[in-house]
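Just below is one structure, and these are the notes that go with it.
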Amino acid sequence: QVQLVESGGGLVQPGGSLRLSCAASGSISSISVVGWYRQAPGKQRELVARFNAGGSTNYADSVKDRFTISKDYAKNMIYLHMKLLKPDDTAVYYCWRWSGGRDYWGQGTQVTVSS
């Protein structure tokens, strides 16, 4: 059973930074398909950033050059480094993993960008 536990969300002012963390059960490797999604009120869940099986990354256009996804193999952690945050980034952020032919999701962490 894959488990994902997010942390690091909170309230931040526009232009600020946050780092989200996701602790994954089981090992994380260079071929692990993992990432971050988000869901704002009244909107569908959308991809923020992900690692593909070959190690390449995909980012939503709205976060390119502001967000960076990373993995720590030794700690089985997935991170989302966010900078220059905007009010439109306000959402619940979910850690995600594709394994054994199915999706796994964390419980989500709230990020609110507001002055």
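The values are calculated or read from the model by the stated rules, or taken from the named source; none is laboratory data. Here the structure is a predicted model, which is why all the values come from computation and not from measurement. Every residue, glycine among them, receives a Cβ derived from its backbone with ideal geometry; neighbour counts consider all protein chains shown. These area figures cover heavy atoms from the full protein model, side chains too; ligands, DNA and RNA do not enter into them. Shrake-Rupley method; radii C 1.70, N 1.55, O 1.52, S 1.80 Å.
Can you give the percent of C-alpha pairs in the chain whose distance is more than 18 Å?
Across the chain, Cα pairs with separations above 18 Å total 45 percent.
With Kirkwood's inverse mean 1/r over C-alpha pairs for Rh, give me the Rg to Rh ratio of region 1-47, two decimals please.
Taking Rg over the Kirkwood Rh, I get 1.02.
Just flag the trypsin sites (Lys or Arg not before Pro) in region 1-50 sitting in loop per DSSP whose Cβ has no more than 11 other Cβ atoms within 10 Å.
Passing sites in region 1-50 are Lys43.
Pick out, from Gln44, Thr112, Met77, the residue whose Cα sits farthest towards the positive end of the charge dipole of region 34-115, with +1 on the Cβ of Lys and Arg and -1 on the Cβ of Asp and Glu.
Comparing the listed Cα positions along the dipole, Met77 ranks first.
Could you tell me how many cubic angstrom of Cα convex hull volume region 37-98 has per residue?
Normalising the Cα hull of region 37-98 by residue number yields 94 Å³.
For Lys43, put the label point 7 Å out on the Cα→Cβ axis and report which residues of region 72-95 keep their amide N under 14 Å from it.
Those under the cut-off are 85-94.
How large is the charge dipole for the chain, taken about the Cα centre, if only the Cβ atoms of Lys, Arg (+1) and Asp, Glu (-1) carry charge, to the nearest 20 debye?
Its charge dipole is roughly 80 debye.
Quick one: with all protein chains in place, what share of the accessible area of the chain is carbon or sulfur, to the nearest percent (1.4 Å probe)?
So the carbon and sulfur contribution to the accessible surface is 48 percent.
With an 8 Å cut-off on Cα pairs and a minimum separation of 6 or more residues, tell me the relative contact order of region 1-70 in percent.
21
In the chain, how many lysine pairs have Cα atoms under 19 Å apart, counting only pairs 8 or more places apart or on different chains?
Close lysine pairs found across the chain: 4.
Enter the accessible area per residue of the chain (Å², integer; probe 1.4 Å; all protein chains in place).
For the chain, the per-residue accessible area is 53 Å².
Could you work out how much longer the chain between Ser70 and Asp103 gets when fully extended? Use 0.36 nm per residue separation minus the Cα distance between them, nm to one decimal.
10.0 nm
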